[in-house]
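J.: If you scroll down you'll find the structure; I have some questions about it.
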Amino acid sequence: MIQHVMPLAASGLKIDWTRMPTYNTIMSVAAGAGLLLVVALGRQLLAPGRITTSDGWALAFGALGFTLVTTGLHMTLTWPLAGQGFPFDNIIFGEPALAFGVFLLAASFYLWKRGAELLGDDRVAFTARVASPLSLFVFGMGLACFGIAAAGWKYTLFAAPPEEPISGEFAKWPILEASFMSGLYVLVGIGALLFPFALRRPRSWMSPVIGVVWGLAGIAFLIFGGLNYFTHIGLIVNTM
């Protein structure tokens with residue numbers, strides 16, 4: 001999850017990109033798409049009708065999970081963003097992406113092998129029982145999201161340098177981007193903290209709240225990640 005962190009710097013910033021490979025662009029797009037698909041599947045499970053097939057969901061979750069696990073695992077284990085003094089970035093982006101990727105891969109595997117079990121009339125209660133043990137990890141990552149958000153606000157992280165297109169226009173007000181990105185982590189964290197309790201009462205007020213916060217965060221991560229393909233390329237061109 002997934003905008004890069006760079007320091008505010010004077011004009012003429014130069015970055016040795018061979019020492020700091022950055023690929024949180026695709027991580028952001030995949031995380032956003034994953035959140036939106038989780039919300040969409042949840043709505044289908046709670047809808048009165050039946051899910052006609054689970055194959056498409058298994059393929060989608062598998063593709064997104066593979067993307068997030070490979071990039072998140074590499075960032076978590078190798079700390080590529082520490083090359084020029086930003087080791088905390090690997091925690092902020094790599095570990096949440098790895099965890100979410102594992103969730104998606106687990107869901108993909110289950111839907112591929114036993115997705116037909118979700119087609120019955122008792123699918124809501126059945127899904128809640130199956131997901132309940134994993135919900136403890138989801139809850140823990142919700143706490144992590146709040147920790148990341150608090151760090152973003154306290155240390156004014158997520159600020160882009162002036163050399164980055166679009167985002168760099170707000171370099172004089174680093175609190176703006178810090179608040180935006182920290183706010184997204186708060187949204188994800190709210191849904192994750194409610195998730196275990198929503199499984200106990202799937203049709204309570206908590207399920208719509210989770211759908212709203214994860215849906216808003218998913219849209220933002222998806223659009224922001226797509227935009228970053230331009231802003232990150234521009235930053236590389238301007239700082240080589």
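J.: Working only within the range 71-86, note down all residues that are of a type outside the set (A, V, I, L, M), buried (at least 16 other Cβ atoms within 10 Å of the Cβ) and in a helix (DSSP H, G or I).
T.: Once the filter is applied, which keeps residues that are of a type outside the set (A, V, I, L, M), buried (at least 16 other Cβ atoms within 10 Å of the Cβ) and in a helix (DSSP H, G or I), the range 71-86 yields THR71, GLY72, HIS74, THR76, PRO80.
J.: Specify the residue that is surrounded by the fewest Cβ atoms within 10 Å (Cβ to Cβ); the eligible residues are those in the range 195-204 that are free of Cβ contacts under 8 Å to residues at least 24 places away in the same chain and not in a loop (DSSP other than H, G, I, E, B). Let's see the steps before the verdict.
T.: Quick first cut of the range 195-204, residues free of Cβ contacts under 8 Å to residues at least 24 places away in the same chain only: 197-198, 201, 204.
Among the residues that remain, those that are also not in a loop (DSSP other than H, G, I, E, B) are: 197-198.
On the way: PHE197: 13, ALA198: 23.
Going through the qualifying residues, I end up with PHE197.
J.: For the range 156-177: of the residues being in a loop (DSSP other than H, G, I, E, B) and free of Cβ contacts under 8 Å to residues at least 12 places away in the same chain, which is farthest from ILE92 (Cα to Cα)? Lay out the reasoning, then the answer.
T.: Applying the first criterion (in a loop (DSSP other than H, G, I, E, B)) to the range 156-177 yields 156-166, 171-173.
Checking the rest, the ones that are also free of Cβ contacts under 8 Å to residues at least 12 places away in the same chain come to 172-173.
Details: LYS172: 23, TRP173: 21 Å.
Step by step, filter the range 156-177, then rank; the result is LYS172.
J.: Quickly run through the range 154-172 and pick out the residues that are buried (at least 17 other Cβ atoms within 10 Å of the Cβ) and among the hydrophobic types (A, V, I, L, M, F, W, C).
T.: LEU157, PHE158, ALA159, ALA160, ALA171, listed by residue number.
J.: Quick one: is LEU143 more than 20 Å from THR22 (Cα to Cα), exposed (fewer than 14 other Cβ atoms within 10 Å of the Cβ) and either without any contact (Cβ under 8 Å) to a residue 12 or more places away in the chain or not hydroxyl-bearing (Ser, Thr, Tyr) (or both)? Outline the logic, then answer.
T.: Details: more than 20 Å from THR22 (Cα to Cα): yes; exposed (fewer than 14 other Cβ atoms within 10 Å of the Cβ): yes; either without any contact (Cβ under 8 Å) to a residue 12 or more places away in the chain or not hydroxyl-bearing (Ser, Thr, Tyr) (or both): yes.
When the stated conditions are applied, LEU143 passes them.
J.: Return the pairs, sorted by first residue and then second, in which the second residue is surrounded by 15 or more Cβ atoms within 10 Å (Cβ to Cβ) and among the acidic types (Asp, Glu), the first residue lies in the range 104-129 and is over 19 Å from LEU68 (Cα atoms) and without any contact (Cβ under 8 Å) to a residue 40 or more places away in the chain, the beta carbons are less than 7 Å apart, and the residues are 6+ apart or on different chains.
T.: Listed pairs, sorted by first residue: PHE126/GLU117.
Each value in this text was obtained by applying a stated rule to the coordinates, not by laboratory testing. In this text the structure is predicted, and so the values were computed from the model without any measurement. FYI the Cβ positions are ideal-geometry reconstructions off the backbone, even for glycines, and counts take in every protein chain you see.
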